[in-house]
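Readers should treat all values here as calculations from the given coordinates under stated rules, not as data from a laboratory. All values derive from a computational prediction rather than experimental measurement. Here Cβ is always computed from backbone atoms with ideal geometry, including for glycine, and neighbour counts include all displayed protein chains.
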Amino acid sequence: MSLITLALAKSRLRVDGTGDDDLIQLLIDGAEDWIERGGGIPLSYQTFTEFHSGGGFRLVPHMRPVRSVTSIYDQEAAAAVDSSVYELRGNVIVRIDGGRWPHSPGRWKITYEAGYIAADVPVNIKLAILSLVSRAYNNPDGKTGEGAAGWSGSWAALADSDIMKLLSIERIQGV
């Protein structure tokens, strides 16, 4: 399921016919995949499992926005942590008693749900998808800039681009 409709992408690209519909849909799908994999932003609800070492007042899951914590397992004690001991505050897991999560490499196995539902995907993410589609469609050879000698650069340059700036805002805020 695409967050950006074919009609919206075609409007952005100023394409009227249907000859490039399959290509444009492929570019939409590729842009969304790139944002999920490269940007670390799940565009749908997904379950993640991670191992954290602890040592601080909070455990910070890598994917955002965090929707719920399914379980926390203490590898050292070989036991599940009772859910009454912790709570989700924003995108971090804190102990209710205000204590620290004891440190030990990979001690805390966290299973949680993160991501968006289509209705709440921030506009910055949608704009980033449209920008990626537009750049790929208008520059089929993957060139990102034009100088006196012609097109130069590569898609790897996106790492420092305006698109990544849009995504980093959402990655930090996570809703």
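Odds and ends about this structure:
- Projected label distance in nm at residue 48 and residue 139, using a 7 Å step from Cα toward the beta-carbon: 2.9 nm
- Note on residue 104/residue 84: beta-carbon distance plugged into 1/(1 + (r/R0)^6) with R0 of 22 Å gives a FRET efficiency of 0.50.
- Cα pair count fraction exceeding 15 Å, expressed as % - the range 46-114: 46 percent
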